[in-house]
Amino acid sequence: MTEREYACEELVIVKWIDIQSASSHWQSPEDCKELRPADCATIGWILEENETYITLASDISIQVSQGNEEGYGGVICIPKGCITETVRL
């Protein structure tokens, strides 16, 4: 096995808010008023970043063996409008 060089070398923690929805049955007005966005955090390597979004991978294949090719796992694309904080590690 040989270790692979990979393009995404910057590791970050991204804190962001996610959409929440009410359950599929009818809700009272009081229950609806309690609904809030979910606070989330994602740790990963930056695959792409621009003014609109950031794409992270939490897993990266770094070894070449038995036909394994370059690959990423746990990939997520987060809209910049949902991000509350980015910490560069």
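Sorting LEU11, LEU56, LEU47 from the fewest to the most surrounding beta carbons within 10 angstrom yields LEU11, LEU47, LEU56. Summing +1 for each Lys or Arg and -1 for each Asp or Glu among the other residues whose beta-carbon sits under 11 angstrom from that of ALA41 gives -2. A cut-off under 14 angstrom between Cβ atoms defines the neighbours of ILE54, and their net charge, with Lys, Arg +1 and Asp, Glu -1, is -2.
No value in this document is a laboratory result; all are computed from the given coordinates. These numbers were taken from a predicted model, which means no experiment stands behind them. For neighbour counting, all protein chains shown are included, and Cβ atoms are generated from backbone atoms with ideal geometry for every residue, glycine included.
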